[in-house]
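Working notes, beginning with the structure itself.
Values in this text are rule-based calculations from the coordinates and carry no lab data. Everything numeric in this text was worked out from a predicted model, so none of it was measured. Glycine also receives a Cβ, built like all others from the backbone with ideal geometry; neighbour counts cover every protein chain displayed.
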């Protein structure tokens, strides 16, 4: 426990150092590393309540509400996630468990309470819909920086602007994406994806951030389909870090009996 505490403090000091020199010359590698850490690895673990609104191209709306638990297994490496749905009624009690890996496909399980069924789901493509929304699994758990070539193309008062292209072995729908990394928070305020014809077709944007427990935290975000006009909005509430969630929580046997203690606000 002490090792995890000091490791967490060490990383926080490093992040604060990066923020203190935000207007100094940083390399692309430093920018990418800091943005990845700020986006996906604040604290050793976390809990948050999420409210999601999904709007299709015809303007029809769906709502989702769930609690999410996250635990870091390795610094900027493997992670565990558990998502427990509370609304609407037809998905209440549904549980998603993800063991994120760096060197192999993630492990994913889904518990369907209506059928009392635990189902292992395919994890070969991280760019599939996250719980039926316009977010991808990759938006939630992060895309490995090593998957892409990165270039610093702009540097204004507020943002580092990066252009990233997938490496040859990455089979993805986008030809490149452009990120605006906020110099104060090191979070990507906006990421726009372009197809092979140079047309922007998808945008992920941070709508609101807040400093929580010393970490710059996304509290609202939006993903837009720029072709159809469909989008998904998400808000996070009751966010807590460094709860010391035990690793045993993130196991298949927890799917039928989610850990009520760790899901309370």
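Structure data summary
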item: Segments 188-194, 198-204, 94-100 sorted - mean Cβ within 10 Å per residue, highest first; result: 94-100, 188-194, 198-204
item: Efficiency of FRET from Cβ geometry, residue 168 and residue 53, R₀ 41 Å, rounded to 0.05; result: 0.65
item: Cα-projected label distance for residue 237 with residue 146, points at 7 Å along beta-carbon direction, nm; result: 4.0
item: Length gained when the stretch residue 220-residue 158 is fully extended (0.36 nm per residue, less Cα-Cα span); result: 20.4 nm
item: Spacing of the two label points (7 Å from each Cα toward its C-beta) at residue 211 and residue 247, in nm; result: 3.3
item: Alpha carbon convex hull of the chain, volume per residue in cubic angstrom; result: 131
item: Against the rule of thumb 2.2 N^0.38 Å, how large the Cα Rg of the range 69-135 comes out; result: 1.18
item: Nitroxide proxy distance, nm - points 7 Å out along Cα→Cβ at residue 87 and residue 107; result: 3.4
